[in-house]
Amino acid sequence: MTESRFVPYRWLSHHAIYQLPHDTCFLVRCNGCGVERDISREYLEQVGRYLSPKAIEPRFRCILCGKKDAAIIAGGWAEERIR
């Protein structure tokens, strides 16, 4: 049996969205309550194609607690075997 987990790529956080590899996945995490959601690359490009994820973060509001304290994390999904 396998399980997927998100692996952040810290070295990608300061590049503009258009500079990131096309297989990069994005996760938005609320620093207030900890809720996490996937976000599409297409949506991030509409918001700010020439901006870094760090520059886009202040625009997001949490759907659960309402705080504007988000972190956009670039990374990928890795498969792990469960024994």
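Values in this text are rule-based calculations from the coordinates and carry no lab data. Nothing here was measured: the structure is a model prediction, and the numbers come from that model. In this analysis, Cβ positions are derived from the backbone assuming ideal geometry, glycine residues included, and neighbour counts consider all displayed protein chains.
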Q: Please give the calculated 222 nm ellipticity per residue for the chain, where each DSSP H segment of at least 4 residues contributes -39500 (n - 2.57) and the sum is spread over every residue; nearest 500 deg cm²/dmol?
A: -3500 deg cm²/dmol
Q. Classify the chain: rounded, prolate or oblate, from the alpha-carbon gyration tensor (a ≥ b ≥ c, eigenvalue square roots; a/c under 1.5 rounded; otherwise prolate if a/b is larger than b/c)?
A. oblate
(Q) Tell me the relative contact order for the chain as a rounded percent, counting alpha carbon contacts under 8 Å between residues six or more apart. (A) 47
Q: Sort by residue number and report every cysteine in the chain with no other cysteine beta carbon within a distance under 4.7 Å.
A: Cys25
Q) Using a simple spin-label model with points 7 Å from Cα along the Cα→Cβ vector, what separation in nm is obtained for His22 and Arg5? A) 3.0
